[in-house]
1. Please count how many residues of region B:7-17 are facing another protein chain (nearest Cβ under 9 Å), over 25 Å from A:GLY277 (Cα atoms) and buried (at least 17 other Cβ atoms within 10 Å of the Cβ).
2. One residue is enough: does region B:194-214 have a residue meeting the conditions among the charged types (D, E, K, R) and closer than 22 Å to B:ALA42 by Cα?
3. Being out of contact with any Gly (no Cβ under 6 Å at 6 or more places or on another chain), of a type outside the set (Gly, Ala, Ser) and surrounded by 22 or more Cβ atoms within 10 Å (Cβ to Cβ) is the filter here; which residues of region A:245-255 pass it?
4. Restrict the check to region B:52-63 and report whether at least one residue is of a type in the set (Gly, Ala, Ser) and within 14 Å of chain A (Cβ to nearest Cβ).
5. How about region B:258-300: which strands (runs of 3 or more DSSP E) wholly inside it have at least 1 residues that are more than 19 Å from the chain's Cα centre (by Cα)?
6. Is there a residue in region A:271-283 that is away from every other protein chain (no Cβ under 14 Å), surrounded by fewer than 23 Cβ atoms within 10 Å (Cβ to Cβ) and either closer than 26 Å to B:SER367 by Cβ or more than 22 Å from the chain's Cα centre (by Cα) (or both)?
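The values are calculated or read from the model by the stated rules, or taken from the named source; none is laboratory data. Fair warning: this is a prediction, and the values are worked out from it, not measured in the lab. For neighbour counting, all protein chains shown are included, and Cβ atoms are generated from backbone atoms with ideal geometry for every residue, glycine included.
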Amino acid sequence: MSGEVKRGYVRPLDLKNGRVDLTHGSGGRAMVQLISELFAKHLGNEYLGQGNDGAVLPAPTFGQRLVMATDSHVVSPLFFAGGDIGCLSVHGTVNDVAVMGATPLYLAAGFILEEGFPLADLARIVESMAKAAKDAGVPIVTGDTKVVERGKGDGIFITTTGVGVLPEGRDIGGARARAGDAILVSGSMGDHGVAIMSQRENLTFEAPIESDTAALHGLIAEMLATGADIRVLRDPTRGGLAATLNEIAGQSGVGMVLKEKDIPIKPVVNAACEFLGLDPLYVANEGKLICICAAEDAERLLAVMRAHPLGRDAARIGEVIADDHHFIQLVTAFGGKRIVDWLAGDQLPRIC
Amino acid sequence: MKYIDEFRDGEVAQTLAKKIAAIVEPDRRYSFMEFCGGHTHAISRYGLSDLLPDSVRMVHGPGCPVCVLPIGRVDMAIDLALNRGVILCTYGDTLRIPASNHLSLMKAKARGGDVRMVYSTADSLQIARDNPQREVVFFAIGFETTTPPTAVAIQQAQAEGLKNFSVLCCHVLTPAAISNILESPEVRQWGTVPLDGFIGPAHVSTVIGSRPYEFFAEEYRKPVVIAGFEPLDVMQAIYMLVKQVNEGRAEVENEFARAVSREGNRKAQDRVAEVFELRREFEWRGLSVVPYSALRIREKYAEFDTEKRFGLDYQSVPDNKACECGAILRGVKRPQDCKLFGTVCTPENPVGSCMVSSEGACAAHYSYGRYKDMH
């Protein structure tokens, strides 16, 4: 008789037909297996590989400040033209850190999985996250997985948290817009929300509408390198351009005047909005930014933006004015004037 | 967008604006009511009043489906969702109409009511097929535009033998509402609401045709120009109305000839007549009880009538005392004349129904035009 204990044969995860069950979140072998065969396999990096409860990261250099942002993702459907919840959860948080003017360095990811969720879908999502993180050069250094009973979640929810560093002296924020500043956008408005909505409603168009989901830190780095006086950067996600500008106007205590004919909107997005009864100014974007800068820097910045693949359709859409009521006014293409107000109610639920 | 951008062209708008300015008579004031919420929305969204001479004033009418739905009707739907275990399906804006006890269908949903927003009656039929063990109610609101699809749904449910589907019918009629406004003392006796003409409905008229308005032109001597919902349609209609007033004519003219005929859509009318009959009276928010102004489901289709199936009785509920929706819907007051406007009553927390839909006079003015009150 040998004293050796036989190693139990562990059946690999069935990534074809398998489904998430409660054991995948219960702290036992099944959970360890899910982490090693799926999460660690795709997302693996030196920090995640430490295998501890938290990641040990190098401290920023003296004078730098940390920027931290978090974003939860509940989009439905999980897979959509131009992306999926996986890459979206990376881009969303990278962008939140980057629009502060910071260099995004690390991400953390929390997964809430619903019992019964296909492992094949989970693998697809994790692979997409891994690719997005790699392309962005921002590793996912720590994570968590929980499983809830069937009916208590909607397949998968992902929360990501990002950390970045902000160099000394850089000050970008919603409260810095001043009367006279120029308002720029990096491209066409409303693509993401309309892509999701037309998929939900089974609408097809001659030209497919794709989500614009993308990490913007590369574009932002080039804009910052110009040395232009960038006062505000923000990504117009939920509530679209309208909500974001209203937010900034409130923070800065200013008003704005936009020219409708200068706001880039793809004809197919416009057509879909017409059909669905949506206003593209209120529809979410996931790969666009708004930049408010000193008027004299506007053209220089626009040139740099247009030279970058994510800013090809960048445009100057209006200017900041003094207004105690913080109204966003719009000169319509028709020739009249109106305000662009906060969104009332919910135009599109579960968009990101 | 082909067939749409042509009707939003800023240059054509400037040309039309000049034409209107050139024909308005210096000593005359023109007051036109756009009946439909669709027109109200277009006027506000495109900033159309900036292109009109000061002497032309647009008065918002009651043609906004969610605006005219009285609280009692919404209460019925909320009761069904919260206490009768039904799946209640309805169109989007209906979810936000304020009802009794600080509830709305949206709030009823948050309290556990199974309320679902649908884009068409076909969606609600599908929900009924998918949930054979549940009662599914379609809360049907709207003017003549939305009535034919409801008729089709009822007939289809009957053809399929769908036993768990019914319709809470709150469909209302445009001509009855126009008569009610023209007969109101403010217009007819006191003249406190000057009305020189109407912009006639766009989509409603595709169904009922232009013929029903001929009576108003003849009997009340008011010109009617039926217009599409695009801003240039509205501008052109205003031009035609000014011309009629100047020339002392009161006729029905059709600016929306690309979609509206004199007879309308006979097929749709026949379907509606097959399934629905006139109610003797119906309460409207703002206009109070208007005789023969709404539809109910015929006896032949009684099994699909939610009111009969659940033995519902309509209870009238008074509006908030300070709310001016009633007067605003009749053109007697403007949104900014209401004490609650923009303070207690906002699109986020509507007190009255006119603050709910983007077609409502208050919501349109709040969302698009209120900066004009402050500058």
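1. Final tally of qualifying residues: 1.
2. Within region B:194-214, one or more residues are among the charged types (D, E, K, R) and closer than 22 Å to B:ALA42 by Cα.
3. Result: A:LEU245, A:VAL254.
4. No, region B:52-63 has no match at all.
5. Per the criteria, B:276-278, B:295-297.
6. No, region A:271-283 has no match at all.
Quick grid of which residues meet (1) touching a Phe, Trp or Tyr at 6+ places or on another chain (Cβ under 6 Å); (2) surrounded by 18 or more Cβ atoms within 10 Å (Cβ to Cβ); (3) aliphatic (A, V, I, L, M):
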{"residue": "B:ASP5", "(1), (2), (3)": "no, no, no"}
{"residue": "B:ALA21", "(1), (2), (3)": "no, no, yes"}
{"residue": "B:VAL66", "(1), (2), (3)": "no, yes, yes"}
{"residue": "B:ILE78", "(1), (2), (3)": "no, yes, yes"}
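To keep it simple, each residue is scored yes or no on (1) out of contact with any Pro (no Cβ under 6 Å at 6 or more places or on another chain); (2) touching a residue at least 24 places away in the same chain (Cβ under 8 Å); (3) of a type in the set (Asp, Glu); (4) under 30 Å from B:LYS372 (Cα atoms).
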position: A:ALA294; (1), (2), (3), (4): yes, yes, no, yes
position: A:GLU299; (1), (2), (3), (4): yes, no, yes, no
position: A:LEU302; (1), (2), (3), (4): yes, yes, no, no
position: A:LEU310; (1), (2), (3), (4): yes, yes, no, no
position: A:ALA314; (1), (2), (3), (4): yes, yes, no, no
position: A:ILE317; (1), (2), (3), (4): yes, yes, no, yes
position: A:ILE321; (1), (2), (3), (4): yes, yes, no, yes
position: A:VAL331; (1), (2), (3), (4): yes, yes, no, yes
